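Asks: So that we are looking at the same thing, I have put the structure below in structure tokens.
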Amino acid sequence: TIWPAATEDVTKVYRALLKSYKPQDIGIFGCSAGGLLTAEAIAWFIHEKLPLPGAIGIFCASGDARWGGDSQSFARPFQALPPREDVRAYFKGVDRSDPLVSPTLSPTTLKQFPATLLITGTRAFEMSATVNTHRELVKAGVDADLHMWDGLGHAFFYDPALPESREAFDVMTA
């Protein structure tokens, strides 16, 4: 499967939801690749002129398919990075600076984003990219909220036994 297959799948589901729900009553949330997919889906909805959901969550991810920043270097001793060949295969032949692929790089796209919650840990490889996405959303005038947990890695809240996971769940459901 290559881009934009997953974005098109999310769009199909979203169109179906719009038949039964008001857009402001819908939230789209994703973690890791799903977090990037959430950002890409919003850019796609904007491109398709669909009404936007009331809120989104970009968890343990960013809105930039290039996954840049120095946190990849300092996170390496603590956790494995995602397999680059998987990322390369999905984005094969795609310009990762395209706003539909990396909406963080387009202020024009970002300024249309709904309220956005971003979550990461300070030992997560994506932390730098998440912080950058938050900064760009705020610069674009979007209601964006960033929560970071000290000493925790990528997708830390997948372990529900961690006290910090419970805190993250509380933030997500507030």
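The values are calculated or read from the model by the stated rules, or taken from the named source; none is laboratory data. Computed from a predicted model, the values in this text were never measured in an experiment. A quick note on method: Cβ atoms are made from the backbone with ideal geometry, for glycine too, and the neighbour counts reach across all protein chains shown.
Asks: For residue 34, state whether it is without any contact (Cβ under 8 Å) to a residue 60 or more places away in the chain, small (Gly, Ala, Ser) and under 17 Å from residue 134 (Cβ atoms).
Replies: no
Asks: What's the number of the only condition in (1) modelled with pLDDT under 95; (2) more than 28 Å from residue 168 (Cβ to Cβ); (3) touching a His at 6+ places or on another chain (Cβ under 8 Å) that residue 79 fails to meet?
Replies: Evaluating residue 79 over (1) modelled with pLDDT under 95; (2) more than 28 Å from residue 168 (Cβ to Cβ); (3) touching a His at 6+ places or on another chain (Cβ under 8 Å) leaves (2) as the failure.
Asks: Here is a further query. I'd like the residue in region 37-62 that is in a helix (DSSP H, G or I) and either charged (D, E, K, R) or touching a residue at least 40 places away in the same chain (Cβ under 8 Å) (or both) and, out of all such residues, is surrounded by the fewest Cβ atoms within 10 Å (Cβ to Cβ).
Replies: Within region 37-62, the first condition is being in a helix (DSSP H, G or I), and the residues that meet it are 37-47.
Next cut, either charged (D, E, K, R) or touching a residue at least 40 places away in the same chain (Cβ under 8 Å) (or both) only: 39-40, 42-44, 46-47.
Working: 39: 30, 40: 24, 42: 27, 43: 23, 44: 21, 46: 20, 47: 13.
Among residues in region 37-62 that are in a helix (DSSP H, G or I) and either charged (D, E, K, R) or touching a residue at least 40 places away in the same chain (Cβ under 8 Å) (or both), the one surrounded by the fewest Cβ atoms within 10 Å (Cβ to Cβ) is 47.
Asks: Same structure, new question: If you take the residues of region 85-102 that are of a type in the set (A, V, I, L, M) and surrounded by 18 or more Cβ atoms within 10 Å (Cβ to Cβ), which of them is nearest to residue 71 (Cα to Cα)?
Replies: So, considering only residues that are of a type in the set (A, V, I, L, M) and surrounded by 18 or more Cβ atoms within 10 Å (Cβ to Cβ), the one nearest to residue 71 (Cα to Cα) is 101.
Asks: If the requirement is being under 20 Å from residue 71 (Cα atoms) and either at pLDDT below 95 or among the aromatic types (Phe, Trp, Tyr) (or both), which of these qualifies: 151, 121?
Replies: On inspection, the qualifying residue turns out to be 151.
Asks: Could you list, ordered by first residue, the pairs with Cβ atoms under 6 Å in which the first is in region 6-23 and charged (D, E, K, R) and the second is in a loop (DSSP other than H, G, I, E, B) and at pLDDT 95 or above, at least 6 apart or interchain?
Replies: From region 6-23, no pairs qualify.
Asks: Something else: So is residue 138 within 14 Å of residue 119 (Cα to Cα) and either more than 17 Å from the chain's Cα centre (by Cα) or not aromatic (Phe, Trp, Tyr) (or both) or not?
Replies: So residue 138 fails the test.
Asks: Take region 86-102 and flag every residue that is among the hydrophobic types (A, V, I, L, M, F, W, C) and touching a residue at least 24 places away in the same chain (Cβ under 8 Å).
Replies: Within region 86-102, 89, 91, 94, 100, 101 qualify.
Asks: Considering only residues that are in a helix (DSSP H, G or I) and modelled with pLDDT under 95, which ones fall in region 1-36? First the steps, then the outcome.
Replies: Going through region 1-36, the residues in a helix (DSSP H, G or I) turn out to be 5-18, 23-25, 33-36.
Matches in region 1-36: 33 only.
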